[in-house]
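Taking it in order: structure first as C-alpha cells, then the write-up.
Computed from the coordinates by the stated procedures, all read-outs in this text should not be read as laboratory data. Because the structure is a prediction, the values reported are computed rather than measured. Here the Cβ is made from the backbone with ideal geometry for all residues, glycine too, and neighbour counts use every protein chain on show.
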Amino acid sequence: MSKADVAVVGGGIIGAFSSYYLAKDGFEVSWLVGRNPREAASWGNAGFLAVGTATPLPEFESLGRVVRWTLQKGSPLKVGLKFILKQGGWLALYMKEGRRSTEARAVRLLRQMGLESLEAIEEMVMTGLLSPEFSRKGALAVYLKSKNLEKHVEGLKTTAEVGHKFQVLTADECRRLEPLLSGEVSGGILFEEDGWVHPAKILLQMRRLAEQVGAKVFELEATGLGLQSDAVNAIDVHGEKLTAENYVFALGAHTRMFFKRIGLDIPVAPAWGHTVTLEPITGKLSRPVMIGESKVALSQTHDGNMRVSGFFELSTPDFRPPESRYAWLTKRAGEVIPRLRDLKIVDSWSGMRPCTPDGLPIIGRLSRLRNVILAVGHCREGLTMAPATGRMVMGIIRSGSKSVHPMLSPERFKL
Ligand SMILES: Cc1cc2nc3c(=O)[nH]c(=O)nc-3n(C[C@H](O)[C@H](O)[C@H](O)COP(=O)(O)OP(=O)(O)OC[C@H]3O[C@@H](n4cnc5c(N)ncnc54)[C@H](O)[C@@H]3O)c2cc1C
C-alpha cells in the first residue's frame, strides 16, 4: 500500500465526509471502509437530520431512573447486565457528565453543526452531487397522550434561547399535515428545520464521491497499529502496512475495542438500536414522524417502504437482539398509522450508536499520539453532524491544531 497524507479508518458517514473533504482539499487519502457497510450504524439509522428534534443522549438523569427504565416492561431504553459489568465506568461518568449535552452552550454547538451539515447536504443535492432522497420539510413529533406532549413542550423552554424553530400542533393540524396518522394522535410538535435522507443511499453515494475526488477506498479492516514513541507509524491491514502522515479514526462504536489493544481506554459505548423496513404502501408521509412516547421514528422511502427505528440499548458489541425487538417496532408504528400493523417486514437491521458519557462527540488529536485524530462518539446524531465533523477533521489536519472546540476535544477525557 503506497504512503498517503492521511489514512482514514472507518466506513461510516463520519469517515465518508472526512475522506471527502480531505481529498477535495488536495490531501492524498487512503480510506479503509471495513468489509460490510451494513455493520455501520450509518447504514440503517432513522435518517433524521435532527437539528431540533433530538438530544444526543436520553436523559436518564439519575441512577434511580436507569434502574426504573431498565426494569420497565416494553421500555425502549435498556441497560444490559453485561454492559454494567464491563462498562460500569462509562455509566458512572454518564451519571456525572450526562447532562452536559443539554446545557445551552452544548445545544447551541450541536445545533450549529446540524445546520451547517444540513446546508452542506442540501447544496450537494442541489448541485447534483448527491441524490439520497433528501427532504427538508421538518420532522413531526406526535403524541398519543396530551400530558406527554405538554411535558415535551415544557422541556423545550429550557433550550428556547438557542433558537430552535418549532410549532405546537393540535391533533387535527397533525392529520392535516400527515393524513396517514390515526385519530389516536392527540397532538404534536413540528420541528421546522429538520431534514431527512435515506441513510444507506447517502453512505454509498458519499463513498463514490470521495473516490471521484481522489480518495483511495479499500474494503478492508485495520487489524493493528504500529507505534513509534508519540506517534503511529503504520496501520496493519491483514499483514500489509498502510502508512500516512496523519491517521483519522472514525470507528463509531468499535473505537473502544480497537484502541484497547494499545492500552487506550476511549469512553465510547455501544447503544444498540433497530430498524425494520416494511413492505411498501401507496399513501405517503411527507416528512419523518417521531412517536413521542416510545421514541420510535418513522420515515418513508421513495418506493413507499416505511422504515421504523427505535430502542436505545446500552449493551456490548457481541449483543444479538431478539426478534421480538422488530415486532415491537411494527406494533408501535401501527399505533399511529394503523395500516402498518399487518404489513410484512422486508428487512430488519440492528446497529450500534457510538456514545460518549457526556453526549458530545470527540473530535481532535490524541495528546499521546500526535498524528492520530479521533472523530467518534456522535451517538444519536452522527448523520446530522457528519459534514460539519468532516470539515473539522480537515481543518485540524490542515492547520496542525489539536481540536476545534474545547467541548469536543479528546482532552476532556484526558486522552
Ligand atoms: C436505530 C438508529 C437510529 C439512528 N437514527 C439517527 C438519525 O435519525 N439521525 C442521526 O443523525 N443519527 C442517527 N443515528 C446515529 C447514527 O447512525 C450514528 O451516530 C452514526 O452512524 C455514526 O457514524 P460513524 O461513522 O461514527 O460510525 P459507523 O457508522 O458505525 O461506522 C463505523 C465504521 O467503522 C468500521 N470499522 C470498524 N472496525 C474497523 C476496523 N478495524 N477497520 C476499518 N473499519 C472498521 C465499520 O465497519 C463501520 O463502517 C441512529 C442510530 C441507530 C442505531
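Details
- R0 of 41 Å, Cβ-Cβ distance residue 265-residue 331: FRET efficiency to nearest 0.05: 0.60
- When the chain is described by a simple charge dipole with +1 on each Lys and Arg Cβ and -1 on each Asp and Glu Cβ, the residue from 333, 296, 315 located farthest towards its positive end is 315.
- Other residues within the sphere of radius under 13 Å centred on the Cβ of residue 180, judged by their own Cβ, net out at +3 (K and R +1, D and E -1).
- Pairwise Cα inverse-distance average, inverted: Kirkwood Rh of segment 105-246 (Å): 19.2 Å
- Alpha-carbon geometry of the chain: the Rg and the Dmax are 20.7, 65 Å, given in that order.
- Listed by chain and number, the aspartates and glutamates whose alpha-carbon sits under 15 Å from that of residue 331, ignoring those within fewer than 8 places in the same chain, are 184, 279, 293, 323, 342.
- Debye-sum result for segment 355-402 in log10 I(q)/I(0), which assumes one identical scatterer on each alpha carbon, at q = 0.15, 0.23, 0.31 Å⁻¹: -0.39, -0.83, -1.13
- For segment 289-322, there are no residues whose amide N sits under 14 Å from a probe point set 7 Å from the Cα of residue 81 along the beta carbon direction.
- Residue 192/residue 284 FRET efficiency (R0 22 Å; Cβ-Cβ; nearest 0.05): 0.70
- DSSP beta bridge pairing in the chain, given as percent antiparallel to the nearest 5: 70 percent
- Set of lysines with alpha-carbon distance to residue 216 below 22 Å, sequence-local pairs under 8 removed: 3, 24, 201, 241
- Sorted peptide list for 317-323, 174-180, criterion being average Cβ within 10 angstrom, highest first: 174-180, 317-323
- Loop-located trypsin sites (Lys or Arg not before Pro) in segment 199-289 (DSSP state not H, G, I, E or B) with no more than 15 neighbouring Cβ atoms inside 10 Å: 261, 284.
- The share of C-alpha pairs in segment 259-415 whose separation exceeds 24 Å stands at 47 percent.
- Applying both filters, DSSP loop and at most 13 other Cβ atoms within 10 Å, to the GluC sites (Glu not before Pro) of segment 209-239 gives 219.
- Full-stretch length increase - residue 73, residue 213 - with 0.36 nm per residue and alpha-carbon distance subtracted: 45.4 nm
- Working value for segment 289-359: equivalent-ellipsoid semi-axes of 23, 14, 12 Å, each the square root of 5 times a Cα gyration tensor eigenvalue, largest first.
- Within segment 314-355: backbone nitrogen closer than 14 Å to the residue 293 label point (7 Å, Cα to C-beta): 331-338
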